[in-house]
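The values are calculated or read from the model by the stated rules, or taken from the named source; none is laboratory data. Please read all numbers here as calculations on a predicted model, not as lab measurements. Glycine also receives a Cβ, built like all others from the backbone with ideal geometry; neighbour counts cover every protein chain displayed.
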Amino acid sequence: MKKYLSIICAVAMICSFAGCSSSDSDSDSKAKSSKISASEAEDKTEKETKKEESTPEPETAEPTTEEVTEAPTEEQTKASSDNLSIASHYLTKNRSGDDILVIEYAWTNDNDKEEAFYTNVRDSVFQNGVECSDLVMMDEIKTQDQMNKIMPGTTVNIKIGYKLQDMTNARVVCTDLLGEKTLLDETIDLGGGEGAAAPTEVGETSLEYVSHRMTKDYKDQDVLLVEYDFHNGEDSPKSFTMFITDSAYQNGVECDNNVFGVDEIDSAMHLADIQPGVTARIVVGYHIKDRSPVTLKATSLFGDIEYLNKTIEIG
């Protein structure tokens, strides 16, 4: 308490001294102001005039808002994607004897909150312009690692397996979840050459009937297998399922295409992205009730474009 009282007293004394000093200063100032001569006033006016004439006019500054809204350079864009790289890769086989490319990604969470690899990175491996399936079940591949959230600034290594079509070069492309920004684009040499050459002309999107045959599913139900050639004529990778709506009609009724247990049907190919200008072979199965003719129809996803309308004989 004494300390605070001392401070208050000191402040009061300073204020009183300042008041006295101010009063004396005011009286002196008034006395001095009356003694300024006319010549001194003229000298002062002349000096101010010369100062104004000698001072250059300031240049008009450009608005700083343009610098703030300026688009990032290419180097800045590349630098922002340095949070993803390939740590290692190797070839192996799954239990079915398929060739599998295992890629170990090193991913750093550069967000300001906890995030998971799965919700930040869209990974793909392409061979011959067609995406390889990543539906690979192996002991060293732990899908949960992709789902686990990590703290900001943390780096984790995540292994993902891809079923290879052959031993041609594998192009690894990773983007953000919406595909708007490329995070990684590298080619892995598997020893089998470059594979199918990139098309020089993309052409128009199309779906062509190739052939059909009969088989049975695991419940011994009749299944009509139809082969299509799907050509991606768009300017970005597209999958058959996300771009085409296909149907088969028998006796005016749509056939069920939820077919399981048929080896010839590769469901992963239905979901695989196809590069622009590339044609992929797609096999679809339809349950049929008899041997009457079947009409195959295919449109764009929302039905505004018709790509196929063909009737085939089952026999």
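Out of curiosity, is residue 190 modelled with pLDDT of 95 or more, under 26 Å from residue 134 (Cβ atoms) and in a loop (DSSP other than H, G, I, E, B)? Answer is yes for this residue.
Pick from region 283-313 the residues that are of a type in the set (D, E, K, R) and in contact (Cβ under 8 Å) with a residue 60 or more places away in the chain: which of them is farthest from residue 220 (Cα to Cα)? Can you show your working first?
As a first pass, look at region 283-313 and keep what is of a type in the set (D, E, K, R): 289-291, 297, 304, 306, 310, 313.
Checking which are in contact (Cβ under 8 Å) with a residue 60 or more places away in the chain leaves us with 289, 310.
Details: 289: 12, 310: 27 Å.
Result: 310.
With respect to being assigned by TED's automatic domain parsing to the domain that holds residue 164, over 21 Å from residue 130 (Cβ atoms) and not small (Gly, Ala, Ser), residue 219 falls outside the description.
The single condition from (1) at pLDDT 95 or above; (2) outside the structural domain of residue 127 (by TED's automatic domain parsing) that residue 196 fails is (1). When 265, 158 are checked against the criterion of being assigned to a strand (DSSP E or B) and closer than 30 Å to residue 142 by Cβ, a single residue qualifies: 158.
Within region 243-262, count every residue that is of a type in the set (D, E, K, R), in a strand (DSSP E or B) and either surrounded by 13 or more Cβ atoms within 10 Å (Cβ to Cβ) or in contact (Cβ under 8 Å) with a residue 24 or more places away in the chain (or both).
Initial filter on region 243-262 (of a type in the set (D, E, K, R)): 246, 254, 256.
The next check asks that each one be in a strand (DSSP E or B); those that pass are 246, 254.
Subset that is either surrounded by 13 or more Cβ atoms within 10 Å (Cβ to Cβ) or in contact (Cβ under 8 Å) with a residue 24 or more places away in the chain (or both): 246.
Going through region 243-262 one residue at a time, the tally reaches 1.
I need the full set of residues from region 133-185 which are among the basic types (Lys, Arg), within 19 Å of the chain's Cα centre (by Cα) and either under 26 Å from residue 280 (Cα atoms) or not assigned by TED's automatic domain parsing to the domain that holds residue 117 (or both), in order please.
At the first step, the residues of region 133-185 found to be among the basic types (Lys, Arg) are 142, 149, 159, 163, 171, 181.
After this cut, where a residue has to be within 19 Å of the chain's Cα centre (by Cα) as well, the list is 149, 171, 181.
Within region 133-185, 171, 181 meet the criteria.
For residue 91, the test of being crowded, with 18+ Cβ neighbours inside 10 Å and assigned to a strand (DSSP E or B) is failed.
Please enumerate the residues belonging to region 216-234 that are in contact with an Asp or Glu (Cβ under 7 Å, 6 or more places away or on another chain) and in a strand (DSSP E or B).
Of all residues in region 216-234, those in contact with an Asp or Glu (Cβ under 7 Å, 6 or more places away or on another chain) come to 216, 223, 225, 228-229, 233.
Residues satisfying the conditions are 216, 223, 225, 228, 229.
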